[in-house]
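Have a look at the structure below, then the notes.
The values are calculated or read from the model by the stated rules, or taken from the named source; none is laboratory data. Keep in mind the model is a prediction, meaning the values are calculated, not measured. Every residue, glycine as well, gets a Cβ built from its backbone with ideal geometry; the counts of neighbours run over all protein chains shown. Quick note on the areas: whole protein, heavy atoms, side chains included, nothing else; ligands and nucleic acids left out. Shrake-Rupley method; radii C 1.70, N 1.55, O 1.52, S 1.80 Å.
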Amino acid sequence: MTASASPVVLITGAANGIGRATALELAGRNVPLGLLDLDAHNLQTLGEELTKLGARFSARIADVTQREPLREAVAAIEAEVGPVDVLVACAGFGRLTLVPDLALDVLRKTFDVNLFGVAESIEAVLPGMIARGRGHLVGVASLAGYRGFPWMISYSASKAGLIAYLEALRPGLARRGITITTVCPGFVRTAMSTGVPYKRKVDMMEPEDAARHLARAVLRRPRNCVFPFSMRIGLAMLKFTPDFMFDWMMRKAGPEALTVEF
């Protein structure tokens, strides 16, 4: 890849939500794409949209938790559009989990997708990046990964694990020419967010707005990407809020925010 060439960007979870919007945003910037998702129907409709835009892309149905099929899908994409320069790990899963039903099956699935699925996706592209001495990994975490939200127990835990995993990877990969961006969106209007039974309307960013932030992260490669701006302030507050105060806030927030008991 020359300095003027667009990077080949592989997006997991590309058929819906932030992943789909990011694919369309990058296609508008003439970035060649690899697309992975389990949702065959929406992956096909995305492909039809991209074809109309004249985009260069390759799409495969794949589950990020299944190692060998995932690697085969990545290899097929690279054969068609070229070696992956940037991985955008958007595939995610989240569901309301509350005390006293901790739903450990949901916890396992959430970690399988949100942590191990990202790790498998990284492992699928990493040997090539190391061999070429360059690459960029973009992991989509969440504000919920910094402090545990009591109505998203499994999701918060998985995103906390992802944030720590990416942070631990960063120094060793930097020595090999590979950079990492940790993305922490606020509330984005996706099926996951709209499924939470909030009492009141919650202001949410549209996926297309989130996609513009991700596209900039792909092209500019910052260490962290937190959006919208209000969430940066919120993140700083959460990180430095004393534990006793955070616990009190969460005990109050649940009953006031939700239509269900937590």
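Where residues in segment 58-102 are farther than 21 Å from A27 by Cβ and among the charged types (D, E, K, R), which of them is farthest from the chain's Cα centre (by Cα)? Per the criteria, the residue is D101.
Among the residues of segment 39-69, those identified as assigned to a loop (DSSP other than H, G, I, E, B), among the small types (G, A, S) and either within 23 Å of A119 (Cα to Cα) or touching a helix residue (DSSP H, G or I) at 6+ places or on another chain (Cβ under 6 Å) (or both) are A55, A62. In segment 76-90, the residue that is farthest from I153 (Cα to Cα) out of those that are open to solvent by 20 Å² or more (accessible area, probe 1.4 Å) and in contact with a Leu (Cβ under 9 Å, 6 or more places away or on another chain) is E78.
Would it be correct to say that R132 is open to solvent by 80 Å² or more (accessible area, probe 1.4 Å) and farther than 18 Å from E167 by Cα? The answer is no for R132. For segment 222-241, the candidate set comprises residues that are assigned to a loop (DSSP other than H, G, I, E, B) and open to solvent by less than 80 Å² (accessible area, probe 1.4 Å); within that set, the residue that is nearest to L10 (Cα to Cα) is P222. Residues in segment 135-151 that are in contact with a Ser or Thr (Cβ under 7 Å, 6 or more places away or on another chain) and either open to solvent by 20 Å² or more (accessible area, probe 1.4 Å) or farther than 27 Å from L35 by Cα (or both): G148, F149. Of all the numbered requirements in (1) farther than 23 Å from V188 by Cα; (2) in contact (Cβ under 8 Å) with a residue 24 or more places away in the chain, A14 misses one, and that requirement is (1). P69 meets each of the listed conditions (1) in contact with a Phe, Trp or Tyr (Cβ under 8 Å, 6 or more places away or on another chain); (2) modelled with pLDDT of 95 or more apart from (1).
Yes/no matrix, rows are residues, columns are (1) within 16 Å of the chain's Cα centre (by Cα); (2) farther than 22 Å from P69 by Cβ; (3) part of a strand (DSSP E or B):
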{"position": "V118", "(1), (2), (3)": "yes, no, no"}
{"position": "S121", "(1), (2), (3)": "yes, no, no"}
{"position": "G128", "(1), (2), (3)": "no, no, no"}
{"position": "P150", "(1), (2), (3)": "no, yes, no"}
{"position": "I163", "(1), (2), (3)": "yes, yes, no"}
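Among the residues making up segment 109-127, those that are open to solvent by 20 Å² or more (accessible area, probe 1.4 Å) and closer than 16 Å to A160 by Cβ are F111, D112, V113, L115, F116, A119.
Against the numbered list (1) in contact (Cβ under 8 Å) with a residue 24 or more places away in the chain; (2) assigned to a loop (DSSP other than H, G, I, E, B); (3) open to solvent by 10 Å² or more (accessible area, probe 1.4 Å), D101 comes up short only at (1). Answer with yes or no whether T65 is hydroxyl-bearing (S, T, Y) and either in contact with a strand residue (DSSP E or B) (Cβ under 7 Å, 6 or more places away or on another chain) or open to solvent by 40 Å² or more (accessible area, probe 1.4 Å) (or both). Yes, satisfied. You will find that of L35, L10, L87, the residue that is assigned to a strand (DSSP E or B), touching a Phe, Trp or Tyr at 6+ places or on another chain (Cβ under 9 Å), closer than 20 Å to F116 by Cα and of a type outside the set (G, A, S) is L35 and no other.
Consider segment 203-221 and keep the residues that are over 23 Å from D85 (Cβ atoms) and modelled with pLDDT of 85 or more. The one that is least open to solvent (accessible area, probe 1.4 Å) is P207.
So how many residues does segment 27-47 have that are touching a strand residue (DSSP E or B) at 6+ places or on another chain (Cβ under 6 Å) and aliphatic (A, V, I, L, M)?
Selection size over segment 27-47: 6.
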